[in-house]
Amino acid sequence: MSEEKVIPGTGGEIYVPMSERSGGQSAVYFTRELSADGLLKIFERIKQALSGNIAVKLHTGEKNGPNIIPREWVKALFEKELPQAKIIETNSYYAGDRDTTEKHLETLKVNGWTFAPVDIMDADGTVMLPINGGKWFTQMSMGKTLTEYDSLLALTHFKGHSKGGFGGSDKNIGIGCADGKIGKAMIHTTPGQDDQWDISDEEFMERMTESTKAVVDHFGKNIAYINVMRNMSVSCDCEGIYAEPVVTPNVGICASLDILAADQACIDIVYAMKEEENRALKERIESRHGLRQLSYMKELGMGNDVYKLIDIDNDDKEITAKDAAKDLKPFSL
């Protein structure tokens with residue numbers, strides 16, 4: 001991307017500590033238990049938002065990707081809590097194993113997503129959702145069947161990302177619900193450009209977040225967020241077996257009814273790690289101006305960056321991000 005397209009002054013490469021934030025406060029739940037039981041336990045804290053026809057948005061990954069949320073964890077969640085729910089996905093914008101519905105269905109089989117229905121939402125078309133207050137868009141093109149659901153669980157593998165700096169709930173929804181050919185192109189590419197990925201840095205964060213806002217506004221109070229801080233490569237799951245090796249320790253799981261609070265808590269935990277633990281992920285986030293995701297969500301009124309971090313492993317004790325980042329073990333497969 002040319003230098004003149006970088007948006008100045010929004011600080012997407014500058015981390016803002018909790019002491020410098022203001023505004024309302026949300027609850028973020030935290031468990032160190034990285035397992036099916038941990039996922040079920042934290043789901044209890046946010047499941048009140050979900051009813052009716054429930055969609056579960058997760059990144060099902062490229063073929064044989066090593067870092068996606070373990071299938072057996074998600075299977076346990078569906079069997080015990082969400083027996084009628086569907087996994088939702090959209091086709092990819094880039095060429096690969098998921099850029100057509102046919103290839104996407106095969107990849108789902110390879111990766112083991114066979115225990116629940118998977119709705120590739122843009123298989124038969126698109127739908128436009130309005131965006132209120134955006135500066136890049138007034139509406140976003142989404143997978144057609146998104147509007148058939150009453151509530152949404154964003155079940156997110158929190159990790160780095162080659163374009164977004166980090167991939168949390170914002171990226172999972174904003175990119176993951178936009179359809180593969182129109183919506184994702186609106187976010188990534190200036191019309192008429194040869195470079196499919198010419199939009200980056202602060203502008204990309206804002207475009208992606210506006211897409212997320214369309215979905216968040218559509219579902220209103222009927223949406224919840226879970227971020228799994230495990231196998232946090234600097235690469236997204238869209239890179240599959242080509243993802244960079246994981247060097248960041250595993251942490252736990254965060255959940256909230258506030259998307260900004262959920263993503264902010266994960267970022268705060270990363271930044272509270274020791275320098276040798278967070279160096280790679282911090283560099284990826286800041287070099288892409290990924291922190292603009294957080295400040296723009298706040299500007300758009302999507303949530304609070306001030307929160308209470310509630311440790312559900314220890315009688316709901318309120319802890320700090322630094323507490324959550326203590327005594328982490330070096331990553332190992």
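We did not get these values from a lab; they are worked out from the coordinates using the rules stated. What you are looking at is a predicted structure, and each value in this text was computed from that prediction instead of being measured. Cβ atoms come from the backbone with ideal geometry, glycine included; neighbour counts cover every protein chain shown.
Here are the numbers for this structure:
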quantity: Calculated over the stretch 3-324: convex hull of Cα atoms, volume per residue (Å³); calculated: 122 Å³
quantity: Residues ASP194, ASP323 arranged by fewest to most Cβ contacts within 10 Å; calculated: ASP194, ASP323
quantity: Neighbour-count order for PHE204, PHE219, fewest beta carbons within 10 angstrom listed first; calculated: PHE219, PHE204
quantity: Charge dipole magnitude, Cβ of K and R +1, D and E -1 - the chain, Cα centre, debye nearest 20; calculated: 500 debye
quantity: Size descriptor, Kirkwood hydrodynamic radius, that averages inverse alpha-carbon separations across the stretch 183-267, Å; calculated: 15.2 Å
quantity: For the chain, share of DSSP beta bridges that run antiparallel, in % to the nearest 5; calculated: 50 percent
quantity: Eligible lysines near LYS317 by straight Cα distance, threshold 19 Å, same-chain separation 8 or greater; calculated: LYS41, LYS308, LYS326
quantity: Residue among GLY143, TYR242, GLN293 farthest towards the positive dipole end of the chain, charges placed on Cβ; calculated: GLY143
quantity: Total formal charge among the other residues, if their Cβ is under 10 angstrom from that of ALA265, Lys/Arg +1 and Asp/Glu -1; calculated: -3
quantity: Residue exposure sequence - SER26, SER233, SER169, SER256 - by fewest surrounding Cβ within 10 Å; calculated: SER26, SER233, SER256, SER169
quantity: The stretch 213-333: C-alpha gyration tensor shape, a/c 1.5 cut-off, then a/b vs b/c; calculated: oblate
quantity: ILE223 long-range amide H proximity, modeled H, under 5 Å; calculated: LEU152
quantity: Gyration tensor (alpha-carbon) shape descriptor, the stretch 27-81, a/c threshold 1.5; calculated: oblate
quantity: Net charge, ASP316 excluded, C-beta distance under 11 Å - Lys, Arg +1, Asp, Glu -1; calculated: -1
quantity: Cα gyration tensor shape for the stretch 1-126, rounded if a/c is under 1.5, else prolate or oblate; calculated: oblate
quantity: The stretch 135-145 - phi-based ³J(HN,Hα) in whole Hz, Karplus 6.51/-1.76/1.60, Gly and Pro as x; calculated: 9, 9, 9, 9, 7, 9, 7, 10, x, 4, 8
quantity: HN-Hα J in Hz across the stretch 254-269 - Karplus 6.51, -1.76, 1.60, θ = phi - 60°, x for Gly and Pro; calculated: 10, 8, 7, 9, 10, 5, 5, 4, 4, 5, 5, 4, 5, 4, 4, 5
quantity: Residues of type lysines that LYS86 reaches as a straight line, Cα spacing below 17 Å, ignoring anything fewer than 8 places off in the same chain; calculated: LYS47, LYS57, LYS75, LYS109, LYS144
